[in-house]
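Below: one structure, written as structure tokens.
The values are calculated or read from the model by the stated rules, or taken from the named source; none is laboratory data. Bear in mind the structure is a predicted one, so any value in this text is a computation, not a measurement. Positions of Cβ are generated from backbone atoms using ideal geometry, with glycine treated the same way; all protein chains shown enter the neighbour counts.
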Amino acid sequence: MSHMCGLCLALRDDHGQASRVATNYDGLVVSVLTAAQSEACAGTRTAGRCPLRGMRGAEVADGSGAHLAASVSLLLASAKITDHIEDGDGLYGRRGVRALAGRVAERWRRGAQESGAGLGFDGAALVAVVDRQREAELAAGPGTDLLAVTRPTEEATGEAFAHTAVLAARPANTAPLREAGRLFGRVAHLLDAVEDREEDAARGAWNPITATGTELRRVRALCDDAILGVGLALREVEFDDDRLVRALLERELRRAVERAFAHGGHPGHGHPGQGQLGQGHPGHGYPGQGHPGHGHPGQGQPGHGHPGHGHPGQGHPGHGYPGQGQPGHVYPGQGHQGYGHHGEPPHQRNRRRRDDGIDSGSHYEGYEGPGGGGEGSGGGRDGDRCCGSCSCQTPRQEFPARRRGVFSGCAVALFMCCTCQFCCRDPHPGPWTGKPRSSWCDCCECCSCCDDCTCCCD
């Protein structure tokens, strides 16, 4: 939260109030990386009251990392606006809106380059890389390697990550951070494509997965490999405090991938040893094919799926037991809990898993897609709540995601902030995009009163 608010205020200070709409999670990582490498770059300042913090003040991130994050965020926002203008999306197809948006994008681009130059960051090089993204998309077609489309994004994020080592005076970190940034950019690009795929198809918009004819199984494999690569690259980086970095770039990034594919109805299979429960490999079964395979707990043997002629909702997921091997998977529409402990409340399951030494964010929490009613996700209305007391489910998570305008999104964001949904509802719909987002903290991890979660929701 400190880095998010610091990024927002850095945008305001450097580029004006309107630029604060460019605040995003991707830019947040740049600020976190800089602070993690050097205590000198981890300064804070006192911020005034803000509606998104429930009209409370706070100590927020300050320094070169926050300002670099602001420059990168604004450059990427200007590139996105330009892309919408060229595609004629929605209101951008109107002449007056197109002209106004073009001027805003150009002003943001110039401002971001100037502020980046003050930090020794070559904004022009980043702009050139971003401009190549359009060329890559125009050249893509059926059979084109998907990585050829994501490469410009990978290079842009790689350069931004690498420059955090320069700001922190850690030149040895430049190469591994560039690699971590490149792979992070790949995952971010692919997740956007997965989440927007159905909506893009409905309105005839360009989507890299559809345009290249890439199977979702291949996309999931690319994401899993990239996450593994990010973790390996971070092992070579010297940090003063790497806890938040690893939480964002390893655990949360993995959860984002799992959530994106689960919401799309295409849960994939991660690599063994990347946070899976136990030692067994997952069995393979798919909705509409009858019975998913059952892994053999603790034996390291893959389960074998038995295809049948059933319909979604008729298959029975495999059952695994935490600490013994294979976790059960719940696929969209199957309506059964993915873990062997049926009916166990989510907060008790999380507490038991921590007692067993298992990371609560390492695998599916019985996640369900559209139409599911599994107990593993809480089922029905209560599927989003982390504890019994965090009961506000407005706005509902909709499929496909429901987008909102600037002002209606601001109103929803204010309501969700005042009802603690950003902190305690996991996942919650984004105020503007409607896409599922992770909570800022886990009530079941940050307090010891999970049976009555009022202390972290007051």
Give me the residue from region 128-186 that is free of Cβ contacts under 8 Å to residues at least 40 places away in the same chain and of a type in the set (Lys, Arg) and, out of that set, surrounded by the fewest Cβ atoms within 10 Å (Cβ to Cβ). ARG132
May I ask you to verify whether GLU199 is of a type outside the set (A, V, I, L, M), closer than 25 Å to PHE121 by Cα and touching a residue at least 12 places away in the same chain (Cβ under 8 Å)? no
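Yes/no matrix, rows are residues, columns are (1) modelled with pLDDT of 90 or more; (2) under 17 Å from ALA205 (Cβ atoms); (3) basic (Lys, Arg):
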| position | (1), (2), (3) |
| --- | --- |
| ILE85 | no, yes, no |
| VAL104 | yes, no, no |
| ALA112 | no, no, no |
| SER115 | no, no, no |
| LEU119 | no, no, no |
| ASP122 | no, no, no |
List pairs: first residue in region 19-45 and in the same structural domain as ALA172 (by TED's automatic domain parsing) and at pLDDT 90 or above, second residue surrounded by fewer than 16 Cβ atoms within 10 Å (Cβ to Cβ) and not hydrophobic (A, V, I, L, M, F, W, C) anywhere in the structure, Cβ distance under 7 angstrom, at least six positions apart or on different chains. ALA36/ASP240; ALA36/ASP241; GLN37/ASP240
Picked from region 409-458 (must be part of a loop (DSSP other than H, G, I, E, B) and of a type in the set (Gly, Ala, Ser)), the residue modelled with the highest pLDDT is GLY430
Pairs returned, first residue in region 408-419 that is within 13 Å of ARG53 (Cα to Cα), second residue that is in a helix (DSSP H, G or I) and among the polar types (S, T, N, Q), beta-carbon separation under 9 angstrom, 6 or more apart or interchain, are PHE415/GLN421
Residue among GLY54, GLY6 that is surrounded by 23 or more Cβ atoms within 10 Å (Cβ to Cβ), touching a residue at least 12 places away in the same chain (Cβ under 8 Å), under 18 Å from CYS417 (Cα atoms) and in the same structural domain as ARG243 (by TED's automatic domain parsing): GLY6
Restricting to region 413-443, give me the number of residues that are crowded, with 17+ Cβ neighbours inside 10 Å and more than 20 Å from the chain's Cα centre (by Cα). 1
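Yes/no matrix, rows are residues, columns are (1) part of a helix (DSSP H, G or I); (2) assigned by TED's automatic domain parsing to the domain that holds GLU236; (3) under 23 Å from the mean Cα position of the chain (by Cα); (4) of a type in the set (Asp, Glu):
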{"residue": "VAL127", "(1), (2), (3), (4)": "yes, yes, no, no"}
{"residue": "ASP131", "(1), (2), (3), (4)": "yes, yes, no, yes"}
{"residue": "ALA136", "(1), (2), (3), (4)": "yes, yes, no, no"}
{"residue": "PRO142", "(1), (2), (3), (4)": "no, yes, no, no"}
{"residue": "PRO152", "(1), (2), (3), (4)": "yes, yes, yes, no"}
{"residue": "HIS163", "(1), (2), (3), (4)": "yes, yes, yes, no"}
{"residue": "THR174", "(1), (2), (3), (4)": "yes, yes, no, no"}
{"residue": "LEU177", "(1), (2), (3), (4)": "yes, yes, yes, no"}
{"residue": "LEU183", "(1), (2), (3), (4)": "yes, yes, yes, no"}
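Yes/no per residue for (1) in contact with a Leu (Cβ under 6 Å, 6 or more places away or on another chain); (2) part of a helix (DSSP H, G or I):
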{"position": "ALA10", "(1), (2)": "no, yes"}
{"position": "SER19", "(1), (2)": "yes, yes"}
{"position": "VAL30", "(1), (2)": "yes, yes"}
{"position": "THR46", "(1), (2)": "no, no"}
{"position": "ALA70", "(1), (2)": "yes, yes"}
{"position": "TYR92", "(1), (2)": "no, yes"}
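Return yes or no: is ALA193 in the same structural domain as LEU68 (by TED's automatic domain parsing), free of Cβ contacts under 8 Å to residues at least 24 places away in the same chain, at negative phi and under 16 Å from the mean Cα position of the chain (by Cα)? Don't jump to the end; show me each part of the working.
Values: in the same structural domain as LEU68 (by TED's automatic domain parsing): yes; free of Cβ contacts under 8 Å to residues at least 24 places away in the same chain: no; at negative phi: yes; under 16 Å from the mean Cα position of the chain (by Cα): yes.
No.
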